[in-house]
Every structure is written in C-alpha cells, then in structure tokens.
Amino acid sequence: MEWITLDRIADYAGQTVELRGWVANRRSSGKISFLELRDGPGVIQCVVMSDHVSPEAFNLAKSIPYESSVVVRGRVEEDSRAPSGFEIRVDELEL
C-alpha cells in the first residue's frame with residue numbers, strides 16, 4: 001500500500017491509502033470515533049467505526065493521546081461537509 005501525504009488526497013478518492021501523521025483532535029460518539037490527523041501539508045478527519053475495525057483499534061481511537069504519531073490505513077471518501085472535501089474511513093490504526 002502506498003503511503004501518501006494529505007496534499008495528494010484528492011488523487012486517491014475511492015482508494016485505500018496509508019497516512020502517517022499526528023492526532024490533532026479526537027472525539028467519540030458511541031460506536032464511532034473521529035480522529036483529526038495532521039501531517040506537514042494538511043489535516044483530515046478519519047472515521048473509526050466499531051464494526052469496521054478491531055476492538056483494539058477502536059479502543060485506541062477513543063483514548064489515544066493528542067499529538068500521538070499514528071499510521072492510518074483506510075479508504076478515501078469524498079464528503080462535502082469535510083473542510084478538505086475528503087475523509088478517511090479507517091480500516092487499521094497503529095500507534
């Protein structure tokens with residue numbers, strides 16, 4: 001899987017990618033968690049759903065400290081509500 005930076009995210013709509021960055025913010029609502037991931041070129045929202053990732057990954061998403069360095073693998077989805085126009089549907093999360 002290719003590792004990309006956020007300045008190239010639009011080129012990968014509908015594809016699975018690997019991102020590396022830092023957790024700028026997080027929030028959780030029941031069976032869904034949101035991580036705001038930043039790298040040098042930008043910031044993107046990553047959506048972590050409890051029924052789509054391992055229990056360990058979901059628990060990590062809910063409790064990961066801010067500014068932690070992470071690797072996120074997931075599908076790039078277009079979303080007009082997102083500031084960048086895209087978000088990541090997370091498949092895997094590593095600290």
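Which condition breaks for D7 when tested against (1) open to solvent by 50 Å² or more (accessible area, probe 1.4 Å); (2) without any contact (Cβ under 8 Å) to a residue 24 or more places away in the chain? Unmet for D7, out of (1) open to solvent by 50 Å² or more (accessible area, probe 1.4 Å); (2) without any contact (Cβ under 8 Å) to a residue 24 or more places away in the chain: (2).
Taking each residue of the range 35-52 that is open to solvent by 60 Å² or more (accessible area, probe 1.4 Å) and looking for partners that are among the hydroxyl-bearing types (S, T, Y) with beta-carbon atoms closer than 9 Å, six or more apart or interchain, yields G40/T5; P41/T5; V43/S84. Under the condition of being of a type in the set (S, T, Y), over 19 Å from A13 (Cα atoms) and part of a loop (DSSP other than H, G, I, E, B), the residues counted in the range 36-81 number 4. Within the range 62-81, if we keep just the residues that are under 12 Å from L35 (Cα atoms) and buried (at least 16 other Cβ atoms within 10 Å of the Cβ), the residue that is farthest from the chain's Cα centre (by Cα) turns out to be I64. Screening S84, S28, S33 for residues that are part of a strand (DSSP E or B) and over 12 Å from the mean Cα position of the chain (by Cα) leaves exactly one candidate, S28. Going residue by residue through the range 13-24, is there one that turns out to be open to solvent by 60 Å² or more (accessible area, probe 1.4 Å), in a strand (DSSP E or B) and among the aliphatic types (A, V, I, L, M)? Looking for residues that are open to solvent by 60 Å² or more (accessible area, probe 1.4 Å), in a strand (DSSP E or B) and among the aliphatic types (A, V, I, L, M), one finds none in the range 13-24, hence no.
The values are calculated or read from the model by the stated rules, or taken from the named source; none is laboratory data. This one's a predicted model, so the numbers in the text were calculated from it and none came from an experiment. Using ideal geometry, Cβ is built from the backbone for each residue, glycine included, and neighbour counts are taken over all protein chains shown. We work out accessible area using only protein heavy atoms, side chains counted, and drop any ligands, DNA or RNA first. Shrake-Rupley method; radii C 1.70, N 1.55, O 1.52, S 1.80 Å.
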